[in-house]
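Before any comments, here is the structure.
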Amino acid sequence: MEATEIRKLAALEDSHWWYRERRALLARSLRRLAAAGQGPHRAGPGGSAAPAGAGPEAAGDRALDIGAAGGGNTRVLRAHGWRPVALEYSAEGAQVAAERGLHVLRADARHLPLPSASLGLVVAFDILEHIDEDDLAAAEIRRTLRPGGTALIAVPCDMRLWSAHDVAVGHVRRYDRTSLVSVLERSGLVVDELWSWNVVLRPVAAWRRRKSTGSDLDNPPALVNLALRTIITAERHLPVKSLPGVSLMLRAHRPSP
């Protein structure tokens, strides 16, 4: 992704309906992990992270946010008790995250400079579609997760939605359910759950993408932003996860030996 797009994303993500709901979905997944005893659930005053654990459980507190950009998801991880690192490939993205006070690591997702089995959680939201060798990135996610550790993945789906927007933001592909599961299972991860997101607004997205001549990252008028936010929030309560959407979301884990 170009530096201008990264800066644009960072400026938008706090208020934009799409990024706000994606953070809400991440928070919901983190609460479910905590309820299942698979990750931190502690939060200090004001939502700040509680002190990390020690000893054998310490790896369970460590999280990696691949492609953190403005760091919105990294901050969600921290607020839910994880000890996150924001990983960015580009110098611009790493600088943005550092400016926001995050622990930043600049590296390639295909070659993570982290010890094997050192993480309890890896988040890779809208990352794999940017990488030609997505199997290498998936293998690195598996390698760095401790046995039982969780991967939360989001990708754009359906090549029928391919447009100038995908080209502008550096996508290599859009996935379907089979291709996404396949790349993760080949890496050695076990897929626990797979669902569609942004289903209700798919017709709007398809119409807009047919007309697009570049990236559709923009700052919509306040009333439009509120309307779209209301619709995407309502989707949480609708039985649409198995229907075609604009994105796919997935939860997987590294199996124990």
Additional length obtainable on full extension of the chain from Ser256 to Ser90, 0.36 nm per residue less Cα span: 56.4 nm
Qualifying trypsin sites (Lys or Arg not before Pro) in the stretch 202-257, DSSP loop, other Cβ atoms within 10 Å at most 16: Lys241
For the stretch 3-253, size of Cβ-based charge dipole, Lys and Arg +1, Asp and Glu -1, in debye: 660
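May I ask you to list, by number, the DSSP H helices of the chain whose Cα span along the axis is at least 15 Å and whose average Kyte-Doolittle hydropathy reaches -0.5 or more? Can you show the working numbers first?
Working: long enough: 17-35 (27 Å, -0.63); 134-144 (16 Å, -0.59); 177-187 (16 Å, 0.04); 222-234 (18 Å, 1.58).
Span-like helices in the chain: 177-187, 222-234.
Magnitude of the Cβ-charge dipole of the stretch 199-257, K/R +1 and D/E -1, about the Cα centre, nearest 20 debye?
Numbers: 10 positive and 3 negative charges, 39 e Å.
It works out to roughly 180 debye.
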Ranked list, fewest to most other Cβ atoms within 10 Å of each Cβ, for Thr150, Thr144, Thr233, Thr178: Thr178, Thr233, Thr144, Thr150
Residues Ile66, Ile232 arranged by fewest to most Cβ contacts within 10 Å: Ile232, Ile66
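Report the equivalent ellipsoid semi-axes for the chain in whole Å, largest first, defined as the square roots of five times the eigenvalues of the gyration tensor built from alpha carbon atoms.
Details: eigenvalues 149, 82, 72 Å².
Taking √(5λ) for each eigenvalue gives 27, 20, 19 Å, largest first.
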Selection from Trp82, Ala97, Ala151 lying farthest towards where the dipole of the stretch 60-182 points positive, charges on Cβ: Trp82
Residue of Arg174, Arg186, Arg142 that the Gaussian network model of the chain assigns the largest fluctuation, springs spanning Cα pairs under 10 Å: Arg186
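Readers should treat all values here as calculations from the given coordinates under stated rules, not as data from a laboratory. Just so we're clear, the structure is a prediction, and the values are computed from it rather than from any experiment. Note that we place each Cβ from the backbone using ideal geometry, even for glycine, and neighbour counts take in every protein chain shown.
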